[in-house]
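S.K.: Here it is, the structure, as structure tokens.
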Amino acid sequence: MAKKTALMGMCIALALVLGWLESLVPVVPPVSGIKLGLANVVSIFLLYRMNYKEASVVALLRVLLSGILFGNFSMLLYSLAGAFLSILLMSLLKASSKFSVIPVSIVGGIAHNLGQLIVAVIIVENGVLFYYLPVLILAGAISGALIGLLGALLIKHIPDNLV
């Protein structure tokens, strides 16, 4: 139990640091808010090395702590929606055992963007925002593939006995 608690704490800290480092990179794309989502590699790793519960707890605590430390209430809402939908869909795909890490992560990236878009539509009360959807799907697929590749490498090269 102590080993698991220590690992979870380190994963939360790592995800926070990765998210903070990524926030230092200026946003250049034409659609505001698109980023790689580097902290999500921790969620992918935990989803495959532990289970849905641990990945969800770490994702939730990372989002809450990031929102408190570096963001605001609206950022927290967007991030919670994205993280929840992402973890949910990735867990369902992983549980089916029909998909490898990279496709699962791609769906997670797309789901994260979709969750944030749904919150934006609810907040501004305007469905016109859905015109961003094709760009967000593409961005989520690309970032999901990159995070999935990194996650697959970590899963392959970090020994099972560390988890």
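S.K.: Of these, Ala120, Ala145, which one is touching a Pro at 6+ places or on another chain (Cβ under 9 Å), within 20 Å of Leu88 (Cβ to Cβ) and of a type in the set (Gly, Ala, Ser)?
M.R.: None of the others qualify; the one that does is Ala145.
S.K.: Taking Leu69 and the conditions (1) surrounded by fewer than 18 Cβ atoms within 10 Å (Cβ to Cβ); (2) touching a Gly at 6+ places or on another chain (Cβ under 9 Å), which numbered condition does it fall short on, given that it satisfies the others?
M.R.: With (1) surrounded by fewer than 18 Cβ atoms within 10 Å (Cβ to Cβ); (2) touching a Gly at 6+ places or on another chain (Cβ under 9 Å) applied to Leu69, the lone miss is (2).
S.K.: Considering Val57, Val42, which residue is buried (at least 18 other Cβ atoms within 10 Å of the Cβ), more than 25 Å from Tyr132 (Cβ to Cβ) and either in contact (Cβ under 8 Å) with a residue 24 or more places away in the chain or within 12 Å of the chain's Cα centre (by Cα) (or both)?
M.R.: Among Val57, Val42, only Val42 is buried (at least 18 other Cβ atoms within 10 Å of the Cβ), more than 25 Å from Tyr132 (Cβ to Cβ) and either in contact (Cβ under 8 Å) with a residue 24 or more places away in the chain or within 12 Å of the chain's Cα centre (by Cα) (or both).
S.K.: In the range 100-143, how many residues are crowded, with 16+ Cβ neighbours inside 10 Å and among the aromatic types (Phe, Trp, Tyr)?
M.R.: Selection size over the range 100-143: 1.
S.K.: Could you say which residue among Ser74, Ser105, Ser96 is in contact with a helix residue (DSSP H, G or I) (Cβ under 9 Å, 6 or more places away or on another chain), of a type in the set (Ser, Thr, Tyr) and at pLDDT 90 or above?
M.R.: Ser105
S.K.: Within the range 84-91, is there a residue that is of a type in the set (Phe, Trp, Tyr), surrounded by fewer than 17 Cβ atoms within 10 Å (Cβ to Cβ), without any contact (Cβ under 8 Å) to a residue 40 or more places away in the chain and in a helix (DSSP H, G or I)?
M.R.: no
The values are calculated or read from the model by the stated rules, or taken from the named source; none is laboratory data. Remember, it's a predicted structure, so these values are computed and weren't measured experimentally. With ideal geometry, Cβ positions are generated from the backbone for all residues, glycine too; neighbour counts draw on all protein chains shown.
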